[in-house]
Amino acid sequence: MNNFRIQDTTQKDLEEDQLNKREENVELICEIAELCNRPDRKDPEVLLLLSSIGAGKGAMVTTIIKAMTGKYFHKAKAGHGNVASKTLAFEWFENCGIEKIDLQGLQKEAVSNCLNKLPNIIDVLGMSVEQSANIRELLEAVFGGFIPPGTSVKYLQKLQKDYGVGCLQKMYPSNSKEWEVTRVVFVASASQSLPTALVEIVRCLLESHDQATGYFKYNIDLFVVITKCYLVEGFNTSEKTSESN
């Protein structure tokens, strides 16, 4: 009898947990729809995802798509090890990679009318920082909207190798407002050490200013997302959230 009671209690707890998560998702989706429908929200944000190799950016994009559509769509690539670092590419997910045909249920009802206001996401497969000057120039070009979505990073790195640092500015002299980055999301894995070299490059770029005017070069906000917390013993996200509140 005791075993049955334990099983019933466990099943009830699981059902309540799933119900709570669904209610949280409903609130979150409605909040996103309200933000997108604000009168001052004319153009979609452009989010650049940065991380070291294997931090879980691809999984995060897939999770965003699943949460916003109510269904699993595998659209983001995932990188592992040194192979990924040699095949970098800028992936452009227009409106979070979501199309109207992907939406269903609550998501369809809430998001359909503001789909074109959902953020555009630029995903760069994990970076290893061997030549910081090259990475800095590359990020400057992306921040400013000079690099077209879908451009091979391997190709850009070859340009830098053949013609030196500074060549990207000559090769891509014109930018597009649509491609300008408005948010940088730094994705870090709880199971890995923080890639301090890459963090320092991003920090220096965001703090740089125009010599003539004194204004910051980039109007970009920086966010940090910690992934793979389940791999670290004692890492309780709920406790940390309650403490921060």
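The values are calculated or read from the model by the stated rules, or taken from the named source; none is laboratory data. Please read these numbers as outputs of a predicted model, since none were measured by experiment. Note that we place each Cβ from the backbone using ideal geometry, even for glycine, and neighbour counts take in every protein chain shown.
Laid out as a table, the results:
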quantity	calculated
Candidate set from the stretch 85-115 (those that are outside any helix (DSSP H, G or I) and at pLDDT 80 or above); member that is farthest from the chain's Cα centre (by Cα)	103
Some residue of the stretch 154-163 being under 14 Å from residue 48 (Cβ atoms), at pLDDT 90 or above and surrounded by 12 or more Cβ atoms within 10 Å (Cβ to Cβ)	no
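Residues checked against (1) of a type in the set (Asp, Glu); (2) surrounded by 14 or more Cβ atoms within 10 Å (Cβ to Cβ); (3) within 14 Å of the chain's Cα centre (by Cα); (4) assigned to a loop (DSSP other than H, G, I, E, B):
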position	(1), (2), (3), (4)
35	no, no, no, no
42	no, no, no, yes
47	no, yes, yes, no
60	no, yes, yes, no
